[in-house]
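Structure first, then comments.
Taken together, the values in this text are just the output of simple stated rules run on the coordinates, not laboratory data. As the structure is a prediction and not an experimental result, all values here were calculated from the model. When we count neighbours, we look across all protein chains shown, and the Cβ atoms used for this are built from the backbone with ideal geometry, even at glycine.
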2 protein chains.
Amino acid sequence: MPDRVCETQTPTVKVRMEEDGKSRAQSGFFMDQIEKWLKRTLELAEQGRGFTSPNPVVGAVIADGDKLIAEGFHSAFGAPHAEVMALNQAGAAARAAALYVNLEPCCYFGKTPPCVDAIIKAGISEVYVGTIDRNPRVNGAGIKILENAGLKVRVGILEDQARRINRGFLTYIEKQRPWITLKLALSVDGFIADATGKSRWITGAEARKFVLAQRRKHDAIMVGMGTVFKDDPALLPEECTGFIPYRIVLDEDFNMPPRMKLVSDEFRKRTVIVTNCGEKPEKLRQFQNSDVQIIRSSKDEFGWLDLSEVFLKLAKFGITSVYCEGGSQLAGSLISQRLVDELQIFIAPKILGEGLRAFSGFLQSLDQAIRLEWEKVEQLGGDVLLQGRLT
Amino acid sequence: MPDRVCETQTPTVKVRMEEDGKSRAQSGFFMDQIEKWLKRTLELAEQGRGFTSPNPVVGAVIADGDKLIAEGFHSAFGAPHAEVMALNQAGAAARAAALYVNLEPCCYFGKTPPCVDAIIKAGISEVYVGTIDRNPRVNGAGIKILENAGLKVRVGILEDQARRINRGFLTYIEKQRPWITLKLALSVDGFIADATGKSRWITGAEARKFVLAQRRKHDAIMVGMGTVFKDDPALLPEECTGFIPYRIVLDEDFNMPPRMKLVSDEFRKRTVIVTNCGEKPEKLRQFQNSDVQIIRSSKDEFGWLDLSEVFLKLAKFGITSVYCEGGSQLAGSLISQRLVDELQIFIAPKILGEGLRAFSGFLQSLDQAIRLEWEKVEQLGGDVLLQGRLT
C-alpha cells in the first residue's frame, strides 16, 4: 500500500492559505525570493518523475534568505521524503532557516516517519508550501501541526504549477483513478489516418518529439489493439534509460500476437495487457515465461472493456497518469465516457479527403456536442498543438 | 477597363531596391520616421477599401522630416490618385519635401494623368515606396522615371504589409483572378455542421465578429446554393453603411428561390448569381425587375461550374478578392483545384461525433494529401483560428 495514499477520512483541519503576520513574505522582494526557492523545489521534484508513483513527486529546499543551505527530493517510492533528505543534508544549519516544499509535509507514519516531526525537531522557523496534500491522512493536518509548534507557514505559492506537477497523484486521491491525457494527431478534415490506414506520417518531427517527451511525464502509455495490429508500436520515450513508462494495451479478447514489439522487446516487463479473456489457455501459455503483466477486467454491455474499471485497476496497480495514444476506438470511448483530463490535439497541415475518423466507438450517438475549452495553442514545427479539457 | 490594369508587357526596368547613397534614410532615426509615414499611408489606403477595385488601395503622405504637410488616398475607381490628392493639398509646400506612398506611382495615362509627372513638377525631392506596382504598364518604370529626374527613391519599406493590403490587386495582375480566401468553421472531428445540418452555432461570438470584419476586407463573399438553401444567409458585414461587398452565389442550375434574403433584401443589387442556366425563361422573368446581377459560366465535366472560368469572369467584373464561406462542396472544389490563397480555419471547441464533412466534391479522390503551411495561430474567444496557405 503506498504510504501517502489511504482510503477515506473527512478533512477536519482548516488551513490559513495566506499568512499575513509579520512574515518575511510581506514585501515583494521576499516574495520573489520565496517563488525562486519554490520553483527550485519543482525542478528537484521532477528528478523523481516516474519512480515515485503512486506517491507524488516532491522537492525541498532549506535556505536562509537568499542563501541555499540544502536540497532534497523524493527519489523513489519507499525512499526518504524530500524534506528529510534536505534536513539530513543541512544538519545544524537548518536551525532558524526556512523550508520550501512543493507539497504539504506528511504527518503520519507510512513507509517513513512523519516529516513534520523532523521539521520541528530541526528548528526550522518558516515553511513555504506549494499546495496542500489532499490525501485525507494529511489534507492540512501537517500544516496545522507545524503552526501549533510555532512555525510560520504559508501555503499556496505557485500553486497551479505545484498542482500540475502532481496532477496524477492528486487525481488519484480525488477521483481514485489516474490522470488521463488523450493525444490525437489529426488532419484538418479530422482524420487520424489516410484511407489505407497509414498514420505515422501525419505529424512532423517537432510534434513527435513533444509526444516522446510527454511519454516520460506519465506513468503509463495506453493504446488499443487496433493500433498494435496496425503500427506495431514500441511506445518508448526518446531515450530508453532510467524511467520507462508502462505500456498498456487494451486487448479485450486477448489477441496479442507474441511477435509484437510490446511483448517481445527488452522492455516487455513494462508491458501490461488488460483483457477480459485471461482464461484463454493457449494465450496464457504463450506469455507464461514472458515478463508481460496481465490484468483482467470486465466488459461493458457493448463488449468493450469497462474503462472505469480498467482505470481503477491501473490506479491500484500504482499508475497515477496515463497517456492515451489512440486509436479512434479508444479516443471515442474515452471522450464519450468523459474519461479525459487533458486533450492534446495536433492539427497537421494536411487535408486527406478520405481516411479513418478521429473518434469511433461512441457508446451511444452523441445527442449533444461534447464541449471543450482550449487552454493553450501553439505551433510545433509544421503542426499546431491545441491543448484543452472537457467542460 | 480599369486604368491600372492591362493585359501583357514584359518588365523592362530594373529597380534599385535599396538606395545607399547619402539619403536621409541612412540612420536608424530617419528609418523610424520613414516607417512611421509609410504606416500612415497604409492607414490612408484602407479608407478606400471596397471602392477602388480593380484598382489598388493607395495612401500618400507628403512630409518634411517629422512635419506632416499633406495626405491623400485613392477614394474610388476613377477618382484622383492618392499622390495627386496629397500634392494638390500641399501646393507650394511640396517643394523639396518627401513623398511616401504604399505603391509605386503610375507612369501612364489611364483615367487620370501619370502621377510621376505631377510628383516631378511639384519639386518633391525624395520618394519612399512600399512596393512595386506589378501592373506591366508600371512595374518599376515609375520609379525609373523619378530617378532619372534626379529624385532619390527608396522601394521596399514595410513591403510585406504593403503587398498584403493590395493582395487582391496583385493577384489580379499576377494570376488574372481574384485573391481567394477560404473560411471554414470546423468541429475538432472535422465537421462543418451537425448531423441535422445545423452549423450556425459551431463557432462563438469572437470568431463571428472576425468573419464579419473579413467580409469588408474582400470585394466579394461567395457561397454555394447548398448554403443558401440551408441557412438563407444575408452575408453582410457588421455595419451595413458604406462599402457592401458583392454576394456571389454559385447556382449552376439557377434554382435560386426569389424569397431568399440575398435576392430580396435592400442590398440585392450587390448580389451576383453565377449560373450555367441563364436561359431558363421563368427564372429570368423572376429576376427581370430585380437588381440582382447574373453571370453565365460553363460547367466542367462533372456538372459543376468551372471555377477557373468563374473567377476569371469575376475578375473581369472588377472583383479582386473573394471570401468563400462554404459549404463543403465549394470548399472541396476550391481545395482540390488549388484555388485558395489563404485558408482560415476555425476549430470550435466541440466534438460532434457525426455531421457534415468539411470537404466534399473533390473532383477526383486525392491520391496525395493536400499540404498546407500554418502562418498564424490564435485563440479567438472559445475557438482557435488557424490561418495558412496551400504549399
Note to self: Report the rotationally averaged projected area of the range B:256-329 based on its alpha-carbon convex hull, in square nanometres.
What the structure shows: 5.7
Next item on the list: Kindly give the semi-axes, whole Å and largest first, of the ellipsoid equivalent to the range B:305-391, taking each as the square root of 5 times a Cα gyration tensor eigenvalue.
Entry: 24, 17, 13
Notebook entry, point to check: Which of B:210, A:311, B:254, A:302 comes first, and how do the rest follow, when ranked by fewest Cβ neighbours within 10 Å?
Noted result: A:302, B:210, B:254, A:311
Checklist line | Footprinting exposure proxy for B:308, A:321, A:298 (fewest neighbouring C-beta atoms within 10 Å first) | finding: A:298, B:308, A:321
Note to self: Quick check: convex hull of the Cα atoms in the range B:222-270, volume per residue, rounded to a whole Å³?
What the structure shows: 74
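Inside 10 Å of the C-beta atoms of A:187-198, what's the mean count of C-beta atoms belonging to other chains?
Other-chain Cβ atoms within 10 Å of each residue's Cβ, averaged: 5.
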Notebook entry, point to check: Using alpha-carbon positions, what is the distance between the centroids of the range A:289-342 and the range A:200-274, in Å?
Noted result: 14
Margin query: What three numbers, in Å, describe the spread of the alpha carbons of the range B:45-132 along their principal axes, ordered from the longest?
Written below: 33, 25, 23
Note to self: More than 41 angstrom separation, counting every C-alpha pair in the protein assembly as shown; what % is that?
What the structure shows: 51
Next item on the list: Could you pull the Cα extents of the range B:60-200 along its three principal axes, largest to smallest, in whole Å?
Entry: 68, 32, 26
Check: So if we plug the beta-carbon distance of residue B:338 and residue B:213 into 1/(1 + (r/R0)^6) with R0 = 22 Å, what FRET efficiency do we get, rounded to 0.05?
Finding: 0.25
Check: Cα centroid distance between the range B:106-175 and the range A:114-155, in Å?
Finding: 73
Notebook entry, point to check: Can you tell me the Rg and the Dmax, both Å, for the Cα atoms in the range B:131-227?
Noted result: 20.4, 68
Margin query: Among B:355, B:372, B:33, which residue has its Cα furthest toward the positive end of the charge dipole of the protein assembly as shown, with +1 on Lys/Arg Cβ and -1 on Asp/Glu Cβ?
Written below: B:33
Check: For the Cα atoms of chain B, what angle does the longest principal axis make with the long axis of helix B:307-316, in degrees from 0 to 90, nearest 10?
Finding: 40
Check: For the charge dipole of the protein assembly as shown, defined by +1 on Lys and Arg C-beta atoms and -1 on Asp and Glu C-beta atoms about the Cα centroid, which residue among B:51, B:288, A:122 has the Cα displaced farthest towards the positive pole?
Finding: A:122
Check: Peptide A:336-343: average number of partner chain Cβ atoms within 10 Å per residue?
Finding: 1
Notebook entry, point to check: Short version: what are the Cα gyration tensor semi-axes of the range B:192-312, square root of 5 times each eigenvalue, largest first, in whole Å?
Noted result: 24, 18, 15
Item checked: Taking A:251, B:253 and counting other C-beta atoms within 10 Å, the order from fewest to most -> B:253, A:251
Item checked: Mean projected area in nm² (Cα convex hull; one quarter of hull surface) for chain B -> 21.3
Next item on the list: Apply the Debye scattering formula to the range B:236-391, with a single equal point scatterer on each alpha-carbon and no solvent, then give log10 I(q)/I(0) at q = 0.09, 0.19 Å⁻¹.
Entry: -0.36, -1.35
Notebook entry, point to check: In peptide B:379-391, how many Cβ atoms from other protein chains are near each Cβ within 10 Å, on average?
Noted result: 3
Item checked: Listed peptides A:218-227, B:334-343 by packing density, highest first (mean Cβ within 10 Å) -> A:218-227, B:334-343
Next item on the list: Take the rotation relating chain B to chain A, measure from its axis to every Cβ in chain B, and name the nearest residue with the distance in whole Å.
Entry: B:190, 1
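Summing +1 for each Lys or Arg and -1 for each Asp or Glu, what net charge is found among the other residues whose Cβ lies under 15 Å from the Cβ of residue A:123?
Values: positive: A:95, A:121, A:152; negative: A:64, A:83, A:117, A:126.
Value of the local net charge: -1.
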Item checked: Total charge dipole magnitude, the protein assembly as shown, about the Cα centre, Cβ charges on Lys, Arg, Asp, Glu only, Debye to nearest 20 -> 200
Item checked: Whichever lysines have a C-alpha closer than 27 Å to that of residue B:280, once near sequence neighbours (fewer than 8 apart) are set aside -> B:230, B:261, B:269, B:299, B:313, B:316
Next item on the list: Go through B:144-156, A:48-60 and give me the packing order, highest mean Cβ count within 10 Å leading.
Entry: A:48-60, B:144-156
Item checked: Selection from A:381, B:207, B:100, by position along the positive dipole direction of the protein assembly as shown (Cβ) -> B:100
